[in-house]
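The values are calculated or read from the model by the stated rules, or taken from the named source; none is laboratory data. The structure displayed is predicted, hence computed values, not measured ones. Ideal geometry is used to build each Cβ from the backbone, glycine not excepted, and the neighbour counts take in all protein chains shown.
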Amino acid sequence: MNVSSEPPNDASKPPNGLGLRLAIIDGIEFSQRSAGASLSYVALDTRSGKFYRFGAREYHAASMMDGSIDLSEVHRRLNVDGVPWSGDEVVSFARQLVQSRLAEVVTSGGPMATLVSPKTGGGGNVAPTSAASDRAPSGWQRLMQWGGALLTQRFPLADGDRVASRLLPMFGWMFSLPAAIAWALLVTTGVGLVWQHTEEFEAELNRIFDQQLWIPVLLIWATMKALHECGHAVCAKRHGVRVGRMGVMLFLCAPLAYVDATDAWKLVRRRDRIQIGIAGVYLELAVAAVAAWCWWSLPLGFLRHLASQVFLIAGPATLLINANPLLRLDGYYVLSDWLEIPNLRYHGRRRLLGLLERLLFGLPMPACPLPGWRADFAVAHAACSVVFQFVWMAGLVVAIASWAEGLGIFLGIVATMLWGVIPLVRWMHRIWTIQPASGMVLSVYQRRLIAVCSLTLLMGHYAAVETSPFARRIPVVVRYENEQVARAPVDAFVTSVLVQCGQRVQKGALLMVLEHPELDIRRDQLLDRRDAALAKSIQYRRRGEIALGKAESDRAASFDRQIAELNEQLESLRVIAKRDGRITSPQTESMVGRYVSAGEELLRLSDPHQKEILALVAEDDLDSYRKTAQVGAVASIRLRGGVSLRAPLAELQPAANRNIPHAALAATAGGPLAVQTVGDQRRARSVKPHLQSAIPLDSYTSLKVRAGQIGRLTIPDNRTLLSRVIDRMRESTLRK
């Protein structure tokens, strides 16, 4: 906790702690700060890495606490120096120092660790207790230390100061003012370029989790993070800051690069500290802008796609994680320095917890050392960070439990205990012991705690048992009903196209003619061989060689069957309309003279007045869909573009598959289905199998919608709220 500029005054208590002597603990380093006409000091606890803010009066008082004089002498000297503190204020300030483990009580037998105050947190008598160095860690502390070491491991790999010293002559200029101006121009133009090609970059974003590209993506990530940490180190060295170790930290088995630039707090100028904090993001954004321009200038191919991956990892991913002020990373420390609020998260969460305790239990709010608007901002930041980190950490726990199986489940349990269960139990124990029960009568805090726990259990029971009031969303796409998709029967050349896009044709009309010269040659060869076999059969029969004649007749019959098959293939080269409709394939005339492979799409024939909604029902949604369809319910469908309609549900087709029925449904094209590529031809398939249901539309509705429009169909959800939340987290993990 920070030391406030106005220590709390408890005038109702006599200052009977003035006879004690206090000494600032070794390892506490002070640094002067100035903002305009105001002067303040920042203390760093080198043991925990926490920062504490002192006003000029508090620093003057703390500087006298060296163990040689008692608090009464400190009080007298303060009054002589023009600091009008009362004895109660001096004792209260000393209590704050000891409770924050910044000072210890000195006795004839040695230093003492704390000054004991009542559990309610208010003022009270100052009394010494046993020294922290002589007290063994409690069971809670040992458990927290063991769990923290299990979830987080640091592996130092290099001396950051040596690396920074070698890189500074070559790259130190990147943090100069001219380089910053050039950086701003580069990033601005890069953002503008991406803004103009938003759809293309969204498609690239959907492909970032392609399993075929995991190795390049991992190499790009490792390179960007190494550049990021070197940026911090070089910038810190440029400002004369000693850089500590560089390495990799495993957080829930996820690798995170780090560099120790803690000594940057000693810099007096705020902008220097901010520059060091943002140096990594600064370099990555420059790389992202260069990658965006490379993507724009390169032709279609692997290098262009690789440039887009570099942009996505160095740009949006870095902004989401490293520059996010809700995570305790670069963005958080930059925000803390910019607003001059050391330990922003600690103060905000402490005050947020105080607000919660005041609302639920009527406890008094703890004194806040932050002046003015900073206190409200810290609370707002704490509320947002708690929500964000809850979702973030829950996703990490689910991901590691799904990915690493046995070990992942064990780590997930440890993380849940360490971050959720143990802090909650300790908090409940503190509330329960604030005021003990009087005989059989519970105190007001205990009764309120029981009421809060009961209400929480009831809400949990409701979430685990009652049906969710929300709806299920099923992906749908609009397509033509009974559409004819003409495909090349064999490898052939397109010799003539007799229709064009938008032309209406009748059933049986000739649409396109293909040519395969080899089929004609092969058929002629088979005809010659058949005729020869028939001639030999006649000759053998005339000479009385019945068996040989029979064999030649069988050969001729075999040739006839092959000729019939070839005739069918040659006949299929004439594409015939199998229904009345309109040609919907664009630029059909440009296909003349093209060589098409077997199975390649040639053209489409459909009726714009006949469309249908194709719903893809996953296994998890199967029961809900069937129950809704059996009662004849009318489903609500909302398509992209703001089109809403209602239609009765149709029966499901019996066979499940993982094929993508329409390209617009794939995540790589901006659709809702997670896909993966399989085979040498990298054919896209859905990650999860699904069943299909075709819902026909009337003519009027068919004209309102366009083929290829995707959207969502909503049906009632038969899951519980808890099951719904778990399923959503699993789906998010699966997409990643």
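Of all positions in segment 272-292, at least one carries a residue that is buried (at least 22 other Cβ atoms within 10 Å of the Cβ) and of a type in the set (Asp, Glu).
Residues in segment 581-622 that are small (Gly, Ala, Ser) and within 24 Å of residue 671 (Cβ to Cβ): 585, 599, 606, 615, 618.
Identify all residues within segment 593-628 that are more than 25 Å from residue 708 (Cβ to Cβ) and surrounded by 13 or more Cβ atoms within 10 Å (Cβ to Cβ); write none if there are none. Show your work before the answer.
Pass one, segment 593-628, residues more than 25 Å from residue 708 (Cβ to Cβ): 593, 595, 598, 619-620, 622-624, 626-628.
Correct list: 620, 622, 624, 626, 627, 628.
Of all residues in segment 181-209, those being touching a residue at least 12 places away in the same chain (Cβ under 8 Å) and either over 19 Å from residue 297 (Cβ atoms) or of a type in the set (S, T, N, Q) (or both) number 8.
Checked against (1) modelled with pLDDT under 90; (2) surrounded by 20 or more Cβ atoms within 10 Å (Cβ to Cβ); (3) farther than 30 Å from residue 295 by Cβ, residue 315 meets all criteria but (3).
Restricting segment 252-266 to residues that are touching a residue at least 40 places away in the same chain (Cβ under 8 Å) and within 23 Å of residue 46 (Cβ to Cβ), which is surrounded by the most Cβ atoms within 10 Å (Cβ to Cβ)? Spell out how you get there, then give the answer.
Of all residues in segment 252-266, those touching a residue at least 40 places away in the same chain (Cβ under 8 Å) come to 252-254, 258-262, 265-266.
From the residues that got through so far, the ones that are within 23 Å of residue 46 (Cβ to Cβ) too are 258-262, 265-266.
Numbers: 258: 20, 259: 22, 260: 19, 261: 26, 262: 16, 265: 20, 266: 17.
Result: 261.
When residue 412 is tested against (1) modelled with pLDDT of 85 or more; (2) more than 27 Å from residue 344 (Cβ to Cβ); (3) of a type outside the set (Val, Ile, Thr), just one condition goes unmet, and that condition is (1). Of the residues making up segment 50-98, those that are among the charged types (D, E, K, R) and within 26 Å of residue 344 (Cα to Cα) are 50, 53, 57, 58, 89, 95. For segment 418-437, residues that are under 22 Å from residue 256 (Cβ atoms) and crowded, with 16+ Cβ neighbours inside 10 Å total 2. Considering segment 641-659, and only residues there that are surrounded by 15 or more Cβ atoms within 10 Å (Cβ to Cβ) and assigned to a loop (DSSP other than H, G, I, E, B), the residue that is farthest from the chain's Cα centre (by Cα) turns out to be 650. Cβ-Cβ contacts under 8 Å between residues 6 or more apart (or on different chains), taken from a first residue in segment 358-374 that is within 17 Å of residue 449 (Cα to Cα) and of a type in the set (Val, Ile, Thr) to a second residue that is surrounded by 12 or more Cβ atoms within 10 Å (Cβ to Cβ) and modelled with pLDDT under 85, are absent.
Tell me, which residue of segment 709-722 that is touching a helix residue (DSSP H, G or I) at 6+ places or on another chain (Cβ under 8 Å) and under 24 Å from residue 463 (Cβ atoms) is surrounded by the most Cβ atoms within 10 Å (Cβ to Cβ)? Give the steps one after another, and end with the answer.
Quick first cut of segment 709-722, residues touching a helix residue (DSSP H, G or I) at 6+ places or on another chain (Cβ under 8 Å) only: 709-710, 715-722.
In the following step, the residues that additionally are under 24 Å from residue 463 (Cβ atoms) were identified as 715-722.
Values: 715: 21, 716: 15, 717: 19, 718: 14, 719: 18, 720: 16, 721: 19, 722: 16.
Only one residue tops the list, namely 715.
Per the conditions (1) loosely packed, with under 12 Cβ neighbours inside 10 Å; (2) assigned by TED's automatic domain parsing to the domain that holds residue 664, the sole criterion not satisfied by residue 458 is (2).
Can you confirm whether residue 435 is in contact with a Ser or Thr (Cβ under 6 Å, 6 or more places away or on another chain) and either modelled with pLDDT of 85 or more or more than 22 Å from residue 723 (Cα to Cα) (or both)?
On the way: in contact with a Ser or Thr (Cβ under 6 Å, 6 or more places away or on another chain): yes; either modelled with pLDDT of 85 or more or more than 22 Å from residue 723 (Cα to Cα) (or both): yes.
Spelling it out, residue 435 is indeed in contact with a Ser or Thr (Cβ under 6 Å, 6 or more places away or on another chain) and either modelled with pLDDT of 85 or more or more than 22 Å from residue 723 (Cα to Cα) (or both).
Quick check: anything in segment 293-303 within 26 Å of the chain's Cα centre (by Cα), surrounded by fewer than 20 Cβ atoms within 10 Å (Cβ to Cβ) and in a strand (DSSP E or B)? No - not one qualifying residue is present in segment 293-303. Note on segment 356-375: residues that are under 30 Å from the mean Cα position of the chain (by Cα) and either surrounded by fewer than 13 Cβ atoms within 10 Å (Cβ to Cβ) or at pLDDT 90 or above (or both) total 1. Evaluating residue 476 against the criteria (1) within 48 Å of the chain's Cα centre (by Cα); (2) touching a residue at least 40 places away in the same chain (Cβ under 8 Å); (3) assigned to a helix (DSSP H, G or I) leaves one unmet condition, (3). Restricting the search to helices (runs of 4 or more DSSP H) fully inside segment 151-262 and requiring at least 3 residues that are within 15 Å of residue 280 (Cα to Cα), more than 23 Å from the chain's Cα centre (by Cα) and among the hydrophobic types (A, V, I, L, M, F, W, C) gives 160-171, 177-196, 214-238. Counting the residues of segment 520-534 that are of a type in the set (A, V, I, L, M, F, W, C) and loosely packed, with under 12 Cβ neighbours inside 10 Å gives 1. Per the conditions (1) without any contact (Cβ under 8 Å) to a residue 24 or more places away in the chain; (2) touching a Gly at 6+ places or on another chain (Cβ under 9 Å), the sole criterion not satisfied by residue 532 is (2).
So which residues in segment 200-246 are touching a Gly at 6+ places or on another chain (Cβ under 9 Å), among the small types (Gly, Ala, Ser) and either modelled with pLDDT of 85 or more or surrounded by 20 or more Cβ atoms within 10 Å (Cβ to Cβ) (or both)? Hits for segment 200-246 are 231, 233, 236, 244.
Applying the criterion of being closer than 30 Å to residue 496 by Cβ, small (Gly, Ala, Ser) and part of a helix (DSSP H, G or I) to the residues of segment 543-602, the residue that is modelled with the highest pLDDT is 564. Residues in segment 464-494 that are aliphatic (A, V, I, L, M) and buried (at least 16 other Cβ atoms within 10 Å of the Cβ): 474, 476, 477, 478, 486, 488, 490, 492, 494. Residues that are closer than 19 Å to residue 482 by Cβ and either of a type in the set (Lys, Arg) or in a strand (DSSP E or B) (or both) within segment 501-522 comprise 504, 505, 507, 511, listed in sequence order. Against the list (1) at pLDDT 90 or above; (2) part of a helix (DSSP H, G or I); (3) under 24 Å from the mean Cα position of the chain (by Cα), the condition residue 308 fails is (1).
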